[in-house]
Amino acid sequence: MLKNLGNRLAAALSVAALGAVQACGAASGGTPVPAPASDIPASSAAAAQTAVFAGGCFWGVDAVYRHVKGVTNVVSGYAGGTSKTADYETVSTGTTGHAESVQVTYDPSQVSYGELLRVFFSVAHDPTQLNRQGPDYGKQYRSAIFTTTDEQKRVAKAYIDQLDQAKVFPSPIVTEVAALPAFYPAESYHQNYLALHRSQPYIVYNDLPKLAALKQQFPDRYK
C-alpha cells in the first residue's frame, strides 16, 4: 500500500521535473465543453440521486465534485470489477477490473445529471486517454461512467455521441459507460485527500489545476 502511494508520488515528481503540469481534460482551454442536449428532468428525480464517475486517480475527481454546488456528498472508492470486495492494494495491481471511482450524491433540484457529466468531461479528467490519466497507467485509471438507472445510461451515451460528432476533442472519447455492479468505498485515508494534502507534489501538479479550471469555467457552479 505504501509502495503504491510512493510510486504515485514519484510519478508526480517526474512530471514536475519535466515541466509538464497535468491539468484537466478540457477540450478548449478556458471554456467548458458544450452542455448536453439531453438531460434528466429534475421532476423525474425529486429525491437525492447518486452518480459514479471514474477519471484516473480518485483524489482529483473527488475534489472537483466536492466543489460543485448541489453535490451533497462525495466518496472515493472502487467500481467496475467483478469481485465481491475491493481495496487499494489489490485494485492497484490492475488485475481486479475495478477503476478508482467517486460516488457523487446530489440534489437534482440544484444540479442535474447532465451538468455533472459536463463537469466530468470539461475539467475532471481527459476522456480521450485510454487506461491512463496523467502519470497514472493501468485499467484501474480508466475513464468510465457507471450508471445506476436507464436514464443515466441514455443521457451519458447521448452526450458522448454529441461531443464526438461535434469533434469537441482532438481524439475520440474512450469513456466506458456501464451499469454499476457495486461500489466499494476506499480506505479512510483516501477520502477528501486533496483538502488534507494540498502541498503534496502529486496534488499540486495534477489536481489543484482541476479546481482552478472548475472555478474558471463554472463560476456559478463553484462552491
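The values are calculated or read from the model by the stated rules, or taken from the named source; none is laboratory data. For clarity, every value in this text was computed on a predicted model and none was experimentally measured. Using ideal geometry, Cβ is built from the backbone for each residue, glycine included, and neighbour counts are taken over all protein chains shown. Ligands, DNA and RNA are excluded from the accessible area calculation, which covers all protein heavy atoms including side chains. Shrake-Rupley method; radii C 1.70, N 1.55, O 1.52, S 1.80 Å.
Whenever you get a sec, compute what percent of the accessible area on segment 72-139 sits on carbon and sulfur atoms (1.4 Å probe). Intermediate values should be presented prior to the final figure.
On the way: 1120 of 2400 Å².
Result for segment 72-139: 47 percent of the exposed heavy-atom area is carbon or sulfur.
Beyond 19 Å, what share of the Cα-Cα pairs of segment 68-138 remains, rounded to the nearest whole percent?
On the way: 1133 of 2485 pairs.
Summing the P(r) of segment 68-138 above 19 Å gives 46 percent of all pairs.
Pull out a ≥ b ≥ c, the square roots of the eigenvalues of the alpha-carbon gyration tensor of segment 159-198, then state rounded if a/c is under 1.5, prolate if not and a/b is larger than b/c, and oblate in the remaining case.
Oblate, since a/c reaches 1.5 and b/c is not below a/b.
Solvent-accessible area per residue for the chain at a 1.4 Å probe radius, Å²?
With the other protein chains kept in place, the chain gives 43 Å² per residue.
From zero up to wherever the largest Cα-Cα distance of the chain sits, split into 5 Å bins and tell me the percent of pairs in each.
P(r) over the chain, rounded to whole percents: 1, 7, 16, 21, 22, 17, 10, 4, 1, 0, 0.
Return the calculated 222 nm mean residue ellipticity for the chain, to the nearest 500 deg cm²/dmol, obtained by summing -39500 (n - 2.57) across DSSP H runs with n ≥ 4 and dividing by the residue count.
Values: 7 runs with 67 residues, N = 223.
Rounded to the nearest 500, the figure is -8500 deg cm²/dmol.
Segment 181-223: D in µm²/s via Stokes-Einstein (Kirkwood Rh, Cα pairs, 25 °C, 0.890 mPa s)? The partial results should precede the final answer.
On the way: Rh = 12.1 Å.
It comes out at roughly 202 µm²/s.
Roughly how many debye, to the nearest 20, is the charge dipole of the chain about its Cα centre, given +1 on each Lys and Arg Cβ, -1 on each Asp and Glu Cβ, and no other charges?
Values: 18 positive and 17 negative charges, 59 e Å.
In total the dipole reaches around 280 debye.
Would you please state the base-10 log of I(q)/I(0) at q = 0.13 1/Å for segment 61-193, with intensities from the Debye formula using one equal scatterer on every alpha carbon?
Normalising to I(0) and taking log10 leaves -0.54.
Among the aspartates and glutamates, which have Cα under 19 Å from the Cα of K210 when same-chain residues fewer than 8 positions away are ignored?
Here the aspartates and glutamates satisfying the reach criterion relative to K210 are D62, E100, E115, D126, D136, D220.
Of I203, V91, Y65, whose Cα points farthest to the positive end of the dipole of the chain (charges on the beta-carbon: +1 Lys, Arg; -1 Asp, Glu; origin at the Cα centre)?
I203
If you consider only alpha-carbon coordinates, what radius of gyration and Dmax does segment 120-223 have, in Å?
In Å, with Rg to one decimal and Dmax whole: 15.2, 41.
If DNA, RNA and ligands are ignored and the probe is 1.4 Å, what is the ranking of K84, K223 by accessible area, most exposed first? Before the final figure, lay out the partial values.
Values: K84 180, K223 100 Å².
So, going from the largest accessible area down, we get K84, K223.
Can you give me the pair-distance distribution of segment 99-148, C-alpha pairs, 5 Å bins, whole percents?
The percentages, shortest bin first, are 5, 18, 28, 24, 14, 8, 4, 0.
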